[in-house]
Amino acid sequence: MLRLTSGQWSVSADKELPVLYRSDHFIVVDKRFDLKVNSDDPTDTVTVATLLRHQYPDLVDSNAFHGFRFVHRLDYATSGCLCIALTKKGARWGHKAFANRYVTKHYLALIRGHLSSDKGQVIDVDVAIGKDSSETDCHRMCSSDNAVCREPRDARTTIVLLQHGFYGEEPVSKVLLIPHTGRTHQLRVHCCHLGHCIVGDYMYSRRTDTAPFRMMLHALRLIIPMKRETVSVISCDPFVPEIDNLWKPLTTFTTVDDFLGNSENSLTNLIGNLSTLPSVSI
């Protein structure tokens, strides 16, 4: 459990990963921020893989890299829903689902500045992303309108304005981010493209946003549809004053539930028709 009080963080001694979902084929955990998924560095003794190994030694697969089959990844600084396959069949389906864009992912973020609501609360960012050739010491990406962008690939994100408020003394906006593609650092780059970097994003603020205790990006919801099993999980929203009293919302434009409750944004439409999915025996 993590809780912020007057700018100070306390972390309980319990390092177990909260489990959001478990079946014969999958387990979904609520990853903490500033935690690697796995690592080849022997000095990285605390990762999702090592915590799972300690927490569920019976689930370790000696034939899998790092003992587990990660269906997807989250950045070191990103928290939230992370899916691990417990079987080869589950891993095969999970990877195929991500590759074919069957998966629905929703993220929450706090971004710098007050995102304009003049054009409504929903913004569709359809801007390709490629490697930033000006950076040689990190895996920084950039939008295709940047002169240093190399090998851009299509990328699209829906950004939903939820709230305006302040983080400490600085104006920020709370947004729902729905990626339709899965490019490296896509959400971070698209927010920066709009001129509103994610709060605490050290890399994309050009190493200037160092005051926040974390990067404010959280994987809220994950839906992997399949004919015999639909992995559908939602984690707790960490960007609420009850958890972080530096965040002070002032104006609410919509909520995640209200936005997704609209017919055109319903989970049925987001998941799609299960009958159109390929048959996978699991």
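The values are calculated or read from the model by the stated rules, or taken from the named source; none is laboratory data. Predicted model, so just to flag it, every value in this text is computed and none were measured. Cβ coordinates were reconstructed from backbone atoms using ideal geometry, including for glycine residues, and neighbour counts include every protein chain displayed. Heavy atoms of the whole protein, side chains included, go into the accessibility calculation; ligands, DNA and RNA do not. Shrake-Rupley method; radii C 1.70, N 1.55, O 1.52, S 1.80 Å.
Comparing LEU51, LEU220, LEU82 in a Gaussian network model of the chain where C-alpha atoms under 10 Å apart are linked, the largest mean-square fluctuation is found at LEU51. Summed over qualifying helices (DSSP H, 4 residues or more, each -39500 (n - 2.57)) and divided by its residue number, the chain shows a 222 nm mean residue ellipticity of -3500 deg cm²/dmol. The residues of the range 56-168 have, on average, 48 Å² of accessible surface per residue, using a 1.4 Å probe with all protein chains present. Among the listed values [x] 6, 27, 35, 26, 6, 0; [y] 6, 28, 37, 21, 7, 1, 0; [z] 6, 24, 30, 22, 12, 5, 1, the one computed from these coordinates for P(r) over Cα pairs in 10 Å bins from 0, in percent is [x]. When the chain is treated as a Gaussian network with alpha carbon springs shorter than 10 Å, the biggest mean-square fluctuation among ASN100, ASN262, ASN245 belongs to ASN262.
Residues ASP44, ASP145, ASP34, ordered by accessible area of protein heavy atoms at a 1.4 angstrom probe radius and largest first, appear as ASP145, ASP34, ASP44. For the range 14-127, the Kirkwood estimate of the hydrodynamic radius, built from every pair of different alpha carbons, is 16.0 Å.
The alpha-carbon of LYS131 sits under 17 angstrom from the alpha-carbons of these aspartates and glutamates, leaving out residues fewer than 8 places away in its chain: ASP75, ASP145, GLU151, ASP154. Just checking the listed ones, ASP237, ASP201, ASP40: in the Gaussian network model of the chain with Cα springs under 10 Å, the one fluctuating most is ASP40. Under 23 Å between alpha carbons, and skipping anything fewer than 8 positions from LYS88 in its own chain: which lysines qualify? Hits, sequence-local ones excluded: LYS31, LYS36, LYS96, LYS105, LYS227.
Working from label points 7 Å from Cα in the Cα-to-Cβ sense, the TYR21 to ARG53 distance is 2.7 nm. Of the trypsin sites (Lys or Arg not before Pro) found in the range 108-182, the ones in coil according to DSSP and having at most 12 other Cβ atoms within 10 Å of their Cβ are LYS119.
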